[in-house]
Structures are given as structure tokens and as C-alpha cells.
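**Student:** Pasting a structure here, questions to come.
Bear in mind that the values in this text are calculations on the coordinates, not laboratory data. Note that the structure is predicted; figures quoted are calculated from it, not measured. When we count neighbours, we look across all protein chains shown, and the Cβ atoms used for this are built from the backbone with ideal geometry, even at glycine.
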Amino acid sequence: MGVPSSAASYAAGQDLAPAALRSAGLLGQLIASGLQVHDDGDLPHQAWSPDRDHPLAQNAGRAAASVRQLADRLHPLLARGDIALVLGGNCTIALGVVAALRRLGAGAPGLLYVDRHYPRPGRRGAHAAARDQRMRALSIGELNPTRCAGDPAALARFVTSITRILAATIH
């Protein structure tokens, strides 16, 4: 399932990732690795735009709506036992995935989170640095789809890396 949203970001661009990953052959590689794949399509497209009325929480309403839509659409898939691959978009997709997992009321969920970068602690204080450490713990390697933009060979290597990780984790 794709979540083509950059509404909660600091600039547009992340919203293009689901289509780019599909066009780079992600689904075909997952199938070739022996996984059953059903593409559940995309949620509505949301591109970031300046929200001058809310400079400290730009596009919060649209971002929250996207998180709710993802949780609502993902929950039935997970409830029937499917393994979901959610292509984002920005980091808020993790909130929608966790919300859907929590609705199941099951034990501790399995979550593989790949981000374009590691959050870096800065002058934001101890709380933000602790959150960044938790995010690093959820990230895997320096798999960076943003660096692949405009480079089909690099994007293909990224897709192959993700396919190997998913296939090894699921099989």
C-alpha cells in the first residue's frame, strides 16, 4: 500500500516515493523472491505546501487525516493475517502503521522501518535526542532512496536491498 504524502514534511518530494519504488520494480522483485504480493493501491496524494497560518504545525490536519486513513485501510488487511508493506511518504506513516497494529490487540508487533536518513540529535534537548535514538534503533542501514532520485541504477540497487531484507525477514 502506498501513502504518497509529504504533508507533514518540510518540503514536497517524499510523496513521489511509492510510485518511484513501484516503477523501479519493487513488486516484481518481491514476487520473484517467492512472496505473494497484492498491491492495495495508494491513499490520496498529499503534497506539502506552506501553511503560513500554522508555522509550528504546518498541514497538521491533512497529516492527521492521512494517518487515520492509513490505520483504517491497513487494519482489515492485518486482521486477516496479511503482511503489509507500506510505502511512504514521510515518517508519519509509522504512526498509521502502529495505530493499525494496536487495534489488533495482539502481542508485540514486528515492524521493519527504513528511513531516508538517521535522525541526528542537535540543540533540541534530551527528549528529542532520546527520540532520535529510538528512531535509529528502528532504522536499518543507510538505505537512502532520496539519494537514488534521478539515478535509475541506484534506485534499482535500493529496491534489491529492500527486497532481500523483506524476503529474509518473511521467509
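**Student:** Obtain the nm distance between the two label points defined at residue 19 and residue 38 by a simple spin-label model: each point lies 7 Å from its Cα along the Cα-to-C-beta direction.
**Tutor:** The answer from the label model is 2.6 nm.
**Student:** I'd like the FRET efficiency for residue 161 and residue 84, computed as 1/(1 + (r/R0)^6) with the beta carbon distance as r and R0 of 30 Å, rounded to 0.05.
**Tutor:** So the FRET efficiency works out to roughly 0.95.
**Student:** Follow-up. Could you tell me the center-to-center distance, by alpha carbons, between segment 31-108 and segment 6-24 in angstrom?
**Tutor:** So the two Cα centres are separated by 13 Å.
**Student:** As an exercise, use a Förster radius of 41 Å and the Cβ-Cβ distance of residue 54 and residue 103 to find the FRET efficiency, rounded to the nearest 0.05.
**Tutor:** Result of the calculation: an efficiency of 0.90.
**Student:** Sticking with this structure for a sec: Can you put 104, 16 in order, fewest other beta carbons within 10 Å first?
**Tutor:** Going from least to most buried by this count: 104, 16.
**Student:** A further question on this structure: Stretch residue 77-residue 153 to full length: gain in nm at 0.36 nm per residue minus the Cα-Cα span?
**Tutor:** Residue separation times 0.36 nm, minus the Cα-Cα distance, leaves 24.1 nm.
**Student:** Modelled label-to-label distance, residue 69 and residue 10, 7 Å Cα→beta-carbon offset: nm?
**Tutor:** Each label point lies 7 Å from its Cα, and together they span 2.5 nm.
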